[in-house]
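Trainee: Sharing a structure here in structure tokens format.
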Amino acid sequence: MLLHIWKSSRTCLSKPSVIPGRLRYTRPRIVIKPPTSPPPRPHAGPLIRIELAASAILLLASATWSLVRGIDLAGALRPTLVTLATGVGAGLLLATTLPLVTAPWARRVLLLRGLKRAWDALESGLGPGLRIREVLVLAVCSGISEEIFFRGVLMHDVGIVASSILFGLLHPLGTAYVLWATAAGAGFGALYLATGSLVAPALAHGTYNLIALGYLRRRSGRERALSFEDYDNGSREMVEARLRR
């Protein structure tokens, strides 16, 4: 009986019943790739061209409006130490709200939930294409052109409330963001009324945009780097687990 079992086992091992010929079992070669670095930021040249075109349109409209209505824009743009300091200080104060909007717990606060969604959309859509040049152009051009148009000529004829609402509607990133931009526009209008100069609101607007865009660029780059690092770590763990089998 044992002899019969031994002969049967030799027959099964030497003569496979399914695949004729000699069977060779080879282990697939596993290649561990080194960690990849995040890809370069996409080019945001069109964004600069759009901003420059929009700023040129606003400045041209402001110049035409001021000539027709007799508004002294040149006098409102003369800087003083007071207006310079006031504008930079107001911009820095407004920038202190950025950590509140970007915090993970902001989604659980009703007043911040919509702003958090708008910021996440900017972080994933605009953030990856921002370089230092884009940050500077967007901050300077938007701060100057929008304040000259909305506070310099529009507020002169329609008042602070209507001009602030129109300013908020220019930022259509959700209802919460429109309301926030409207409130910010009212604050810039109050700076103009308090100082009698467009330098203060333009500096406040530009300072905030500079900090916000730089903060957006930094957070977007960090999130992309972390996502690629996590992907690489996961790949290495999977390979190491397969090698231990």
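Readers should treat all values here as calculations from the given coordinates under stated rules, not as data from a laboratory. A quick note: this is a predicted structure, and the numbers were derived from the prediction, not measured. Cβ placement follows ideal geometry from the backbone for every residue including glycine, while neighbour counts extend to all protein chains displayed.
Trainee: Count the net charge of all other residues whose Cβ sits under 13 Å from the Cβ of A202, scoring Lys and Arg as +1 and Asp and Glu as -1.
Mentor: The answer is 0.
Trainee: Could you tell me how many cubic angstrom of Cα convex hull volume the stretch 82-219 has per residue?
Mentor: Spread over its residues, the Cα hull of the stretch 82-219 gives 95 Å³ apiece.
Trainee: What translational diffusion coefficient, to the nearest whole µm²/s, does the stretch 137-213 have by Stokes-Einstein, given a Kirkwood radius computed over alpha-carbon pairs, a temperature of 4 °C and 1.567 mPa s viscosity?
Mentor: Answer from the Stokes-Einstein relation: 107 µm²/s.
Trainee: A follow-up question, please. Counting only other residues whose beta carbon sits under 11 Å from that of S62, what net charge do I get with K and R as +1, D and E as -1?
Mentor: So the surrounding residues net to 0.
Trainee: On to the next question. What are the ³J(HN,Hα) values, in whole Hz, obtained from phi via the Karplus relation 6.51 cos²θ - 1.76 cosθ + 1.60 with θ = phi - 60°, for each residue of the stretch 110-115 in sequence order, with x given for Gly and Pro?
Mentor: 4, 6, 9, 4, x, 5
Trainee: State the Kirkwood hydrodynamic radius of the stretch 51-152 in Å, one decimal place, computed from all pairs of distinct Cα atoms.
Mentor: Computed over the stretch 51-152, the radius equals 16.3 Å.
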